[in-house]
Amino acid sequence: MGVARTSGDYAQQLAALLPPGPAWDREFQPQIHALLQALAPELARLDARALQLLSESFLDTFHETLTDWEREVGLPDECLGTSGTVGERKAMVRSRLIDLGGQTPAFYVQLAARAGYPNAWVQELRTPRFGGARFGRARFGTWAAQHMWILHSGGRLPGGLRFGVGVWGERFGAMPGNALVCLIRRAAPAHTLEFVNFE
């Protein structure tokens, strides 16, 4: 990124653009040079502003154009809603642009950690196979079990629902996990059947 020119730089540059000769000399025409000195601060301000706006096109330095960035990447997120602070909103824009996605258990654990569940883990269900399953111990007992998996939240978030805080119909000691369920279902492969278990 460049450096903005100062008003002194612009005053010198404007004076250098004057035609040569004694008619434009500072000694004989002080009014013209006073006018150039008066114009220089505004040109320096515009230069600094242009440089500042240039920084808005980079992920590390944008600030004023946050709402424009959010609109371009499809935020606010339909699962998470609006984030509270400017820092959280910037982080969401950056993650939207640089995240690669994935289909491994580690990816879904990381997704849950971002949603506030740092102890989440994935259980992949297996279909019983001949020679590998014991009689009477079938797990789900269907071929579709190989495409099922469960994300365990790993415990509730601090400040979960309790008497005097929750509303009618919500279970005490639990966190509303609609955001996590929405994130997991949106990211899950289409051929799988996923479950979220809040512990």
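The values are calculated or read from the model by the stated rules, or taken from the named source; none is laboratory data. Note that the coordinates shown come from a computational prediction; the quantities given were computed from them, not determined experimentally. Positions of Cβ are backbone-derived with ideal geometry, glycine not excepted, and every protein chain shown enters the neighbour counts. Remember, those area values only see protein heavy atoms, side chains included, never the ligands or the DNA or RNA. Shrake-Rupley method; radii C 1.70, N 1.55, O 1.52, S 1.80 Å.
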Check: Near residue 32, within a Cβ-to-Cβ distance under 13 Å, what is the net charge of the other residues, with Lys and Arg +1 and Asp and Glu -1?
Finding: -1
Checklist line | residue 107 accessible area, assembled protein chains, probe 1.4 Å, Å² | finding: 40 Å²
Next item on the list: Please work out how much accessible surface residue 148 shows to a 1.4 Å probe, ignoring ligands, DNA and RNA, in Å² rounded to 10.
Entry: 30 Å²
Notebook entry, point to check: Around residue 55, with a cut-off of 12 angstrom between Cβ atoms, what is the net charge of the other residues, counting Lys and Arg +1 and Asp and Glu -1?
Noted result: -2
Notebook entry, point to check: How much net charge surrounds residue 120 when only the other residues with a Cβ under 11 Å from the Cβ of residue 120 are counted, with Lys and Arg +1 and Asp and Glu -1?
Noted result: 0
Check: Given a Förster radius of 30 Å and the C-beta distance between residue 34 and residue 54 as r, what FRET efficiency does 1/(1 + (r/R0)^6) yield to the nearest 0.05?
Finding: 0.40
Check: Per-residue accessible area for residue 10 at 1.4 Å probe radius, Å² rounded to 10?
Finding: 40 Å²
Check: What area, in nm² and to one decimal, does the C-alpha convex hull of the range 2-131 cast on average over all directions?
Finding: 14.2 nm²
Note to self: At R0 = 22 Å, how high is the FRET efficiency between residue 95 and residue 185 if r is their beta carbon distance? Nearest 0.05 is fine.
What the structure shows: 0.75
Check: Which whole-Hz couplings ³J(HN,Hα) result when phi for each residue of the range 185-199 is put into the Karplus expression 6.51 cos²θ - 1.76 cosθ + 1.60, θ = phi - 60°, listed in order with x for Gly and Pro?
Finding: 5, 5, 8, 5, x, 5, 8, 9, 10, 10, 10, 10, 10, 8, 9
Next item on the list: Starting from the residue with the highest accessible area, list 32, 184 in decreasing order, probe 1.4 Å.
Entry: 32, 184
Check: Can you pull out the trypsin sites (Lys or Arg not before Pro) in the range 4-67 that DSSP calls coil and that have at most 15 other Cβ atoms within 10 Å?
Finding: 26
